[in-house]
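Input: a single structure, listed below in structure tokens.
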Amino acid sequence: MFAGHKRPELDDPAACIDETREYLQEFVADVDDLENARELVAHMQSRFPDHANPSTLVVSAVTAFEQKKKTRDAGIACACQLTTRPTRCLLRLAR
């Protein structure tokens, strides 16, 4: 596995897969548990202080909470159900 967005001085150990899974699981749980994107970003940055690229985290958090609102408004369990295209649900894959 080769990380596409990383600090250049870091290598690509196999542990990256587990670390990525842990990060995604934390993100998904926080979307469920927190009230807004700002809280999510703050928590993720405190939990994973060595992760770079905060812009991606901010955009992902805002998007996740927009999708959370859409699913709640539509009365469905997951945003992947809002599309007619077959899609792999990241929320389910991370769990």
request  = Test His51 against the criterion of being surrounded by 11 or more Cβ atoms within 10 Å (Cβ to Cβ) and at pLDDT 90 or above, and give yes or no.
outcome  = no
Residue that is farthest from Phe65 (Cα to Cα), among those in the stretch 36-46 that are over 13 Å from the mean Cα position of the chain (by Cα) and in a helix (DSSP H, G or I) = Ser46
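The values are calculated or read from the model by the stated rules, or taken from the named source; none is laboratory data. This one's a predicted model, so the numbers in the text were calculated from it and none came from an experiment. Heads up, the Cβs are rebuilt from the backbone with ideal geometry, glycines too, and the neighbour counts pull from every protein chain shown.
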